[in-house]
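First the structure, in the form of structure tokens, and then the observations on it.
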């Protein structure tokens, strides 16, 4: 019996030092974006401008961002370390407020097939991600701004169902290699785009962002908890093409 009690005490002691991740996911936000693109090689269809997707090579600059909030519950014995503060299950509900911004510059290649209504695209370049996070409980609050530069890659599918309108889906991946900054991010979006002028198009649809910081998780409360954040909802965008 004494041995069982000793083992139980060890398990309880271990549980009392169970560091957990920060988890903040906002569903239902609005994610605006702005995109500039410049053709460096390609051929426009007759009567169409650069804002209509077409085969060729180009440079693309993109800027997007969104804000969100979420609550996280800590189980018995769990704690979160963030912003030089330790949040324990003594105040079991954490409130997270986040602002995320992402900038990218990439080489883009598009190729349309057959009649020209269906095409694919691939992108590769550089990106910069910034996550501003505030975590608070009933007794304390902490804030940090995490930012990192890194590599960007993407793949997309385009279907032109009207001369000036298209359905576009794209998966974008970002990686920095940092631990204390934004380690990685991924975006999946599905939009309907309409080119209402030769050089300008608008986009609207759905988007989902996943953002992570791979801080070391340990029983030593001096080290920050890992961060898993997400933003999803409606996307609205403006494309300017030359």
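For segment 132-141, the criterion of being modelled with pLDDT of 95 or more and closer than 30 Å to residue 37 by Cα is met by at least one residue.
Among the residues of segment 19-31, those that are part of a strand (DSSP E or B), under 18 Å from the mean Cα position of the chain (by Cα) and surrounded by 14 or more Cβ atoms within 10 Å (Cβ to Cβ) comprise 22, 23, 24, 25, 26, 29, 31. For residue 81, the test of being modelled with pLDDT under 95, within 19 Å of residue 182 (Cβ to Cβ) and touching a strand residue (DSSP E or B) at 6+ places or on another chain (Cβ under 8 Å) is passed. May I ask you to verify whether residue 148 is within 16 Å of the chain's Cα centre (by Cα), surrounded by 18 or more Cβ atoms within 10 Å (Cβ to Cβ), in a strand (DSSP E or B) and without any contact (Cβ under 8 Å) to a residue 40 or more places away in the chain? Yes; evaluated as a whole, the condition is true for this residue.
For segment 123-139, does any single residue satisfy the condition of being without any contact (Cβ under 8 Å) to a residue 12 or more places away in the chain, part of a strand (DSSP E or B) and exposed (fewer than 15 other Cβ atoms within 10 Å of the Cβ)? Checked against the condition, which is being without any contact (Cβ under 8 Å) to a residue 12 or more places away in the chain, part of a strand (DSSP E or B) and exposed (fewer than 15 other Cβ atoms within 10 Å of the Cβ), segment 123-139 yields no hits at all.
Residue-level analysis places residue 171 among those that are free of Cβ contacts under 8 Å to residues at least 40 places away in the same chain and under 17 Å from residue 61 (Cα atoms). Across segment 111-122, the qualifying residues are those that are assigned to a loop (DSSP other than H, G, I, E, B) and touching a strand residue (DSSP E or B) at 6+ places or on another chain (Cβ under 8 Å), and the one among them that is farthest from residue 41 (Cα to Cα) is 117.
The values are calculated or read from the model by the stated rules, or taken from the named source; none is laboratory data. Source: prediction; values computed, not measured. Note: ideal-geometry Cβ built from the backbone for every residue, glycine included; neighbour counts use all protein chains shown.
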